[in-house]
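Asks: Got a structure for you, questions after.
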Amino acid sequence: IAGVQTAALEQQAFTSLMNPHFMFNALNSIQHYINVQDRQNANHYLSDFASLIRKNFEAAQQSFIPLEQELENIKIYLRLEQMRFTNRFSYHINIDESIDADYWMIPTMMLQPLLENALLHGIMPSSVNGELVIDLKEQDRNLVITITDNGIGIENSRALKENSEHKSHGMELIKKRIAALSHFVAEPITFTMSPAFDNAINPGNKIILLIPAGLHKAWLRAHKK
């Protein structure tokens with residue numbers, strides 16, 4: 001049952017990444033560059049957009065993906081958003097030297113919805129320049145991914161959403177997938193969110209995602225039965 005549930009959630013996650021809202025915004029950005037006759041940026045944006053779609057389609061065929069590949073995908077995504085939001089934010093990816101990014105396998109399409117949530121609901125409503133930091137390290141042989149932003153924070157974002165019909169389906173899917181994947185291992189995936197800074201206006205948000213060392217092998221064993 002857990003395997004069927006996980007597969008269904010993976011397909012929903014893929015669909016959410018290719019949602020019409022994201023596609024519409026990307027095409028609008030390309031159209032803008034064409035209209036102002038900025039051919040160089042139009043070509044750069046179109047190239048990255050096409051690459052991200054291709055990579056996401058390829059990733060959708062897999063339940064797990066090498067960490068190195070996932071990082072390449074999110075770099076493309078973040079470059080697109082930087083261009084769309086005219087460099088309203090910067091990002092940094094810090095990888096501990098002990099991590100073998102080719103060795104680690106993580107659930108496909110786990111990080112992009114988290115980054116999208118940080119940008120759209122944290123950084124973009126803020127009046128200060130955004131900073132997004134992704135830290136990766138090993139702890140007790142487990143992979144720990146920390147995503148920190150300096151946006152308006154969860155509570156301020158919820159207050160804004162009270163007058164909006166928009167719902168963050170990406171975050172709901174992530175939590176459901178984590179619950180489903182945790183059935184495969186004795187030590188579950190853990191996911192926490194908390195304010196990043198002591199600042200009422202821009203408390204930011206810190207997400208800590210812990211992926212157990214044995215998750216991928218446990219998943220493979222379960223699907224060989």
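The values are calculated or read from the model by the stated rules, or taken from the named source; none is laboratory data. What you see is a predicted model; the values in this text were computed from it and never measured. Glycine gets a Cβ as well: all are built from the backbone with ideal geometry, and neighbour counts include every protein chain shown. When the accessible area is computed, the model is the full protein with side chains, heavy atoms only, and any ligands, DNA or RNA have been set aside. Shrake-Rupley method; radii C 1.70, N 1.55, O 1.52, S 1.80 Å.
Asks: Beyond a 30 Å Cα-Cα separation, which of these cross-linked pairs lie in this structure: Lys75/Lys161; Lys137/Lys217; Lys55/Lys161; Lys75/Lys206?
Replies: Over 30 Å apart, Cα to Cα: Lys55/Lys161.
Asks: Sum -39500 (n - 2.57) across every DSSP H segment of at least 4 residues in the chain, then divide by the residue count to get the 222 nm mean residue ellipticity, nearest 500.
Replies: That calculation yields -15500 deg cm²/dmol at 222 nm.
Asks: Give the calculated FRET efficiency between Ser194 and His223 to the nearest 0.05, with a Förster radius of 41 Å applied to their Cβ-Cβ distance.
Replies: For R0 = 41 Å, the calculated efficiency reads 0.75.
Asks: Tell me the label-point distance for the pair Glu72, Ile53, using the 7 Å Cα-to-Cβ offset, in nm and rounded to one decimal.
Replies: Roughly 2.0 nm, to one decimal.
Asks: Go ahead and set up a Gaussian network model of the chain, Cα springs under 10 Å, then flag whichever of Asn25, Asn73, Asn117 fluctuates most.
Replies: Checking each option, the largest mean-square fluctuation is seen for Asn25.
Asks: Convex hull over the Cα atoms of the stretch 109-225, averaged projected area in nm²?
Replies: Projected area, direction-averaged: 8.2 nm².
Asks: Using +1 at the C-beta of Lys and Arg and -1 at the C-beta of Asp and Glu, which of Val36, Ile99, Leu46 has the Cα lying farthest in the positive direction of the dipole of the stretch 30-106?
Replies: Val36
Asks: Skipping prolines and chain starts, which residues have an amide H placed within reach, meaning under 5 Å, of the one on Thr190, given they are 5 or more residues away or on another chain?
Replies: Placed amide hydrogens put Leu210 under 5 Å from Thr190.
Asks: Next up: Given the options Leu52, Leu71, Leu160, state which has the largest fluctuation in a GNM of the chain using a 10 Å cut-off (strictly under) for Cα springs.
Replies: Leu160
Asks: With contacts defined as alpha carbon pairs under 8 Å and 6 or more residues apart, what's the relative contact order of the chain in percent?
Replies: Relative contact order, the chain: 20 percent.
Asks: Calculate the spin-label point distance for Asn129 paired with His183, positioning each point 7 Å from the Cα along the beta-carbon direction, and give it in nanometres.
Replies: Going by the 7 Å Cα→Cβ label model, 4.7 nm.
Asks: Considering amide H positions built from the backbone, and no H for Pro or chain starts, which residues 5 or more places from Leu143, or on another chain, come under 5 Å of its amide H?
Replies: Ile211, Ala213
Asks: Summing +1 for each Lys or Arg and -1 for each Asp or Glu, what net charge is found among the other residues whose Cβ lies under 11 Å from the Cβ of Phe197?
Replies: On the way: positive: Lys206; negative: Glu131, Asp149, Asp198.
The answer is -2.
Asks: What are the GluC sites (Glu not before Pro) within the stretch 68-107 that DSSP puts in a loop, where the Cβ has at most 14 other Cβ atoms within 10 Å? Spell out each step's value before the answer.
Replies: Numbers: sites: Glu68, Glu70, Glu72, Glu81, Glu97; in loops: Glu97.
Qualifying residues, ordered by number: Glu97.
Asks: Order Glu138, Glu116 by their accessible area, 1.4 angstrom probe, all chains in place, largest first.
Replies: Reading off the accessible areas and sorting them downward yields Glu138, Glu116.
Asks: Which value in Å does the Kirkwood hydrodynamic radius of the chain take, with 1/r averaged over all unlike C-alpha pairs and then inverted?
Replies: That comes to 18.5 Å for the chain.
Asks: Heavy atoms only, 1.4 Å probe, whole protein assembly: order Asp38, Asp140, Asp149 by accessible area, highest first.
Replies: Asp140, Asp38, Asp149
Asks: Label Val36 and Ile95 with points 7 Å out from Cα along Cα→Cβ: what is the distance between them in nm?
Replies: 3.3
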